[in-house]
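**Q** Sharing a structure, written as structure tokens. Questions coming.
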Amino acid sequence: MRNIIKIASVFALIFALTASMSYAQDLTCSEWTMDEYNAKMADLQKREADAKAEITATESSLEKVAAETAELENLTAAEWQAIYESVEASGDDVDGYRSSLDAIEAKVDGLAALSPEDLFQRRKEICALEEELKALGENKIALLSEMMDKTAMIEGKISRLRASLPKADFDEYTVLKGDYLWKISGKEDIYDDPYQWIRIYTYNRDQIKDADLIYADQIFKIQRSAADNEYIVVKGDWLAKIAAKAEVLNDPTKWTKLFEANNNVITDKDVIYPHQVLIIPE
């Protein structure tokens with residue numbers, strides 16, 4: 001602010017001197033009477049005095065503005081200090097919290113740039129970001145209006161991200177004449193394992209009523225990874241064991257619900273096979 005006052009004063013003085021020099025030049029280049037000369041000089045002296053008075057007034061005004069600005073900055077700093085104390089944090093803590101939110105938002109934006117298929121493969125990262133955001137929300141700094149607005153914006157982005165997720169990640173295969181499930185499953189670009197034929201069968205339960213009857217030109221979905229409501233049976237599984245898993249029903253006694261939701265591919269509750277795709281009931 002002091003520099004501004006000095007600069008303004010210098011400009012005003014330059015203006016006054018320039019005017020004076022120009023005026024003086026007019027005095028020397030003209031033929032005037034003594035009375036005219038004295039009148040011109042008096043006018044010049046008045047203009048110079050007025051310029052100096054204006055400089056003084058400008059300096060005083062700028063100093064007043066500088067004082068008011070400093071007072072406002074002090075009041076603002078005190079107000080922010082009171083706000084920080086209310087959330088038991090320092091300015092550095094708030095800056096760190098803001099940076100954490102910015103980092104989460106950047107990761108969300110990065111996931112949003114992926115194709116739906118790639119996003120599906122990295123869907124667990126969405127859950128991790130939600131947990132990270134939830135953990136930040138437990139800090140009192142989250143109560144600051146700026147952080148609440150920022151958090152709400154990130155939550156909205158995550159919601160849109162979830163809405164863009166495909167239900168599952170799969171390829172498509174058009175059945176050829178002479179195909180059967182064992183043969184399709186054994187193809188290198190399918191599962192390269194004929195024993196996974198049952199995965200194709202159970203994943204396409206809406207199209208295949210009899211595993212021994214498929215038809216040319218049928219289009220099967222070839223599952224690449226399980227959706228959140230799907231479970232792929234592994235060797236050693238049984239219904240109660242599957243139901244007990246945290247990502248399934250988290251309760252072994254709910255195996256009956258699992259059975260009922262998949263009774264179109266499970267005919268005997270005591271017999272299930274590796275690679276079967278089971279639907280996890282809500």
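What follows draws every value from the coordinates through simple rules; no lab data is involved. Treat the numbers as computed from the prediction; the structure is a model and nothing was measured. Glycine gets a Cβ as well: all are built from the backbone with ideal geometry, and neighbour counts include every protein chain shown.
**Q** Helix-derived [θ] at 222 nm for the chain: sum -39500 (n - 2.57) over DSSP H runs of at least 4, divide by residue count, nearest 500?
**A** About -20000 deg cm²/dmol.
**Q** Which of the following values of volume of the Cα convex hull per residue in Å³ was calculated from the structure shown: (1) 140; (2) 151; (3) 242?
**A** This structure yields the entry labelled (3).
**Q** Taking θ = phi - 60°, what integer Hz values does the Karplus form 6.51 cos²θ - 1.76 cosθ + 1.60 yield along segment 187-198, in sequence order, with x for Gly and Pro?
**A** 5, 4, 8, 9, 10, 6, 7, x, 5, 8, 4, 5
**Q** Just the number, please: Stokes-Einstein D of segment 135-282 in µm²/s, Kirkwood Rh from C-alpha pairs, 25 °C, 0.890 mPa s.
**A** 137 µm²/s
**Q** Give the dimensionless ratio obtained when the Cα radius of gyration of segment 91-163 is divided by 2.2 N^0.38 Å.
**A** The value comes to 1.13.
**Q** Follow-up. Using the Cβ atoms and a cut-off under 9 Å, what net charge is assigned to the surroundings of A216, where Lys and Arg are +1 and Asp and Glu are -1?
**A** -1
**Q** Label-point separation (nm) for K40 and S86, each offset 7 Å from Cα along Cα-to-Cβ?
**A** 6.9 nm
**Q** Something else now. Please sort 93-99, 64-70 by packing, taking for each peptide the average over its residues of neighbouring beta carbons within 10 angstrom, highest first.
**A** 93-99, 64-70
**Q** Among the listed pairs K187/K269; K177/K209; K245/K269; K107/K150; K221/K254; K187/K257, which are separated by more than 26 Å between their Cα atoms?
**A** Pairs exceeding the cut-off: K187/K269; K221/K254; K187/K257.
**Q** Right, another one. Compute the distance in nm between two label points, each set 7 Å from the Cα along the Cα-to-Cβ direction, one at D109 and one at A163.
**A** Result for the modelled spin labels: 2.0 nm.
**Q** On a C-alpha basis, how far is the centre of segment 91-128 from the centre of segment 204-231 in Å? Whole number, if you could?
**A** Distance between centres, Cα-based: 34 Å.
**Q** Continuing with the same structure: Report the far tail of the P(r) of segment 58-182, meaning the percent of Cα-Cα pairs longer than 18 Å.
**A** 67 percent
**Q** To the nearest 0.05, what FRET efficiency results for S225 and M153 with a Förster distance of 30 Å applied to their C-beta separation?
**A** Calculated transfer efficiency: 0.50.
**Q** Turning to a different aspect of this structure: Taking the Cα-to-Cβ direction at K269 and at E247 and moving 7 Å from each Cα, how far apart do the two end points lie in nm?
**A** 2.6 nm
**Q** OK, next. Note the full-extension length gain between R47 and D189 as 0.36 nm times their separation in residues minus their Cα-Cα distance, in nm to one decimal.
**A** Gain on stretching R47 to D189: 41.7 nm.
**Q** Out of segment 228-277, which trypsin sites (Lys or Arg not before Pro) are coil in DSSP terms and have no more than 11 other C-beta atoms within 10 Å?
**A** Passing sites in segment 228-277 are K235.
**Q** Using alpha-carbon pairs under 8 Å, 6+ residues apart, how would you state the relative contact order of the chain in percent?
**A** Worked out over the chain, it gives 12 percent.
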